[in-house]
Amino acid sequence: MRMTTTQQQQSLRAQLWRRKPVTRATRESSEGLERSLGTFSLMMFGVGATVGTGVFFVMHQAVPDAGPAVIVSFVLAGIAAGLSALSYAEMASAVPVSGSTYSYAYATLGEVVAVGVAACLLLEYGVSTAAVSVGWSGYLNQLLDNLFGVTVPAALSSGPFDAVDPGLVNLPAVFLVAVCALLLVRGASESARVNTVMVVIKLAVLGLFVAIAFTAFDADNFADFAPHGVTGITMAAGTIFFTFIGLDAVSTAGDEVRDPQRSMPRAILGALAIVTTIYLLVAVSALGAQPWQDFGDAEQAEAGLARLLQDVVGASWPGTILSAGAVISIFSVTLVTLYGQTRILFAIGRDGLLPRAFAKVSRRTRTPVNNTIIVACVVGLLAGFVPLDDLWDLVSIGTLVAFIVVSVGVIVLRRTRPDLPRGFRVPGYPVTPVVAIASCVYILAGLHWNTYAWFALWLSVALTFYLVWGRRHSLLNRAAHAGLPLDDDATPAKEDQP
């Protein structure tokens, strides 16, 4: 018998809003991935994906908007990220699997929302990786110039659409993506060890920057504190917010963490504390050492903090050390964000919303090699040909939407599955997640309208793919047609128990 129009509509509605049950299998299975990461390695993933972008070169994007009040922008972004981090910690302990906010949305808000969040995450991680790779190219040139008096030719160190000095391709950025992809193919534990070493080096270098910059501190640089008012502060906070992507990166590793219910919350909160402290110290010392107007100089934007130190000391050696630290630091950012995107694709493929090839894991290396190659090719093209200035706010909007969804997910999961064991519970519930949502919405309001236009276009493409292909191939859809139970080992919620 053919379905009536009403039945078809009900069926489509059921498909769109079906949720993936949080079963024992969901919480324990790693689907071929190796559980090799501990709390410290995971925390270094968060720091590695975060520290490097905001302090090394986004200052030159945000300071012209806010002036010295960019410190307030950092605080605002940090508060929003911190409140959201508490929600991440609870969700990561309740649903400790790969996939980050995508997996959390699938378990709490429904399949169509999960697909939309997945689109945000893929945009966030892909564009962020390309953005930091482009910034790495500038610091590499600065380092080569200081050490050997040579630089990569302009034709091979900037893309064809670069507004300042267009070239053919940003070859160093493409090279960085390729090296990170090769390292990730070798294994997660190997990548984690390399990242930990690089994080320790970058923190030491940033400590040196703060110490030297404070020797030239001039309080008069803060006189015109907020030249563009609240609007400028909010715009800068939106630009800065993408640098907190590292907090989300921790939650992409759920299937590769030993004791994830305990390790993931600790890693997320530990990374937040380290990152916020470093950001504020660097921002205050940099603004005290240089008038805020100089941060808008296009020539100074490339390897800006290294040039700032050279001006302070009157010699090249501090800039050389900072450039070397930045080269190492941004390498670790690229490594972790590339890792995060491959694991999100793995989770989506495992659920049947992408072709099964995305869920394949190499038997030898225990890594999703297909995903790594695909992501590296796409990100490499972006990094090689798209200018840096066009990337920041797109990453921020994806990050903000993901942070909003995870806070909503905490509220929903508290109501629908209060029985789930949680290694961490959000303090001040329900006020904390509600304030987190409100702060993220406030920062979203400060982004440019064209950012929303590009974001809406990308989201429409992802949802179209889901409606045409994904919903029919979803594992939940196949299970429903086969009449298989989905939640056979879930405990009823307390309010449903007799």
Worksheet item: With each run of n ≥ 4 DSSP H residues scored as -39500 (n - 2.57), what mean residue ellipticity at 222 nm is computed for the chain after dividing by its residue count and rounding to the nearest 500 deg cm²/dmol?
Response: -22000 deg cm²/dmol
Worksheet item: Mind checking the angle between helix 188-214 and the chain's longest principal axis? C-alpha axes, 0 to 90 degrees, to the nearest 10.
Response: 40 degrees
Worksheet item: Which whole-number percent gives the relative contact order of the chain, counting Cα pairs below 8 Å spaced six or more residues apart?
Response: 32 percent
Fill in: Leading residue at positive end of dipole, segment 180-311 (Cβ point charges), from Val185, Phe222, Ser285
Val185
Discussion item. Can I get the semi-axes of segment 200-358's equivalent ellipsoid? Compute them from the C-alpha gyration tensor as square roots of 5 times the eigenvalues, in angstrom, largest first.
Written reply: 36, 18, 16
Discussion item. Please list, by residue number, everything in segment 92-136 whose backbone N is under 13 Å from a paramagnetic label point 7 Å out along Cα→Cβ of Ala273.
Written reply: none
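Could you tell me the calculated FRET efficiency between Asp165 and Val378, based on Cβ-Cβ distance and R0 = 35 angstrom, to the nearest 0.05?
It comes to 0.90.
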Worksheet item: What number comes out for the charge environment of Asn371, summing +1 per Lys or Arg and -1 per Asp or Glu over other residues with Cβ under 10 Å away?
Response: +2
Worksheet item: About its Cα centre, how strong a charge dipole does segment 32-478 have in debye, to the nearest 20, once Lys and Arg get +1 and Asp and Glu get -1 at the Cβ?
Response: 2460 debye
Discussion item. Assuming 0.36 nm per residue, please report the length gained on full extension of the stretch Phe40 to Ala204 beyond their Cα-Cα distance.
Written reply: 57.3 nm
Practice prompt. Distance between Cα centroids, segment 93-165 to segment 206-231: provide it in whole Å.
Written response: 28 Å
Worksheet item: Got a sec? Which residues in segment 63-102 would a label at Leu280 touch, if it sits 7 Å along Cα→Cβ and we count backbone N under 20 Å?
Response: 63, 66-87
Fill in: R0 of 22 Å, Cβ-Cβ distance Arg258-Val369: FRET efficiency to nearest 0.05
0.45
Discussion item. Need one number: nm distance between label points at Gln293 and Glu190, each 7 Å from Cα along Cα→Cβ, rounded to one decimal.
Written reply: 5.3 nm
Worksheet item: Whose amide H sits under 5 Å from the amide H of Ser157, counting only residues 5 or more places off or on another chain, with H placed in the peptide plane?
Response: Leu168, Val169, Leu171
Worksheet item: Against the longest alpha carbon principal axis of the chain, how many degrees, from 0 to 90 and to the nearest 10, is the axis of helix 392-416 turned?
Response: 40 degrees
Discussion item. Above 32 Å lies some portion of the pair distances; for the chain, what is it as a whole percent of all C-alpha pairs?
Written reply: 39 percent
Practice prompt. When you have a sec, figure out the Kirkwood radius of segment 354-480 from all distinct Cα pair distances and drop it here in Å to one decimal?
Written response: 18.3 Å
Worksheet item: Can you give the FRET efficiency for Arg356 and Ala223, using 1/(1 + (r/R0)^6), R0 = 60 Å, r = Cβ-Cβ distance, to the nearest 0.05?
Response: 0.50
Worksheet entry | Stretchable slack from His481 to Leu147, in nm (0.36 nm times residue separation minus alpha-carbon distance) | 113.8 nm
Item to complete: Using only Cα atoms, figure out Rg for segment 101-255 and give it as a multiple of 2.2 N^0.38 Å.
Response: 1.32
Worksheet item: If each of Ser11 and Val435 carries a label point 7 Å out from its Cα toward its Cβ, how far apart are those two points in nm?
Response: 4.8 nm
Worksheet item: Among 179-190, 92-103, 67-78, 281-292, what's the highest-first ranking by average C-beta atoms within 10 angstrom per residue?
Response: 92-103, 67-78, 281-292, 179-190
Worksheet item: Can you give the extra length, in nm with one decimal, that the chain gains between Tyr452 and Ala216 once fully stretched, where that is 0.36 nm per residue apart less the Cα-Cα distance?
Response: 80.9 nm
Practice prompt. Quick one: which residues, 5+ away or cross-chain, put their amide H under 5 Å from the amide H of Asp419? H built at 1.01 Å from N.
Written response: Lys494
Practice prompt. Quick one: compute a quarter of the convex hull surface over the Cα atoms of segment 165-244 and quote it in nm².
Written response: 9.2 nm²
Worksheet item: Helix 39-50 sits at what angle to the longest principal axis of the chain, using alpha carbons and giving 0 to 90 degrees rounded to 10?
Response: 60 degrees
Worksheet item: Whole-Hz Karplus ³J(HN,Hα) for segment 108-119, in order, using 6.51 cos²θ - 1.76 cosθ + 1.60 and θ = phi - 60°, x for Gly and Pro?
Response: 10, 10, x, 5, 5, 5, 4, 5, x, 5, 4, 4
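Read the figures in this text as sums done on the coordinates, not as results from a lab. These figures come from a predicted structure and were not determined experimentally. Heads up, the Cβs are rebuilt from the backbone with ideal geometry, glycines too, and the neighbour counts pull from every protein chain shown.
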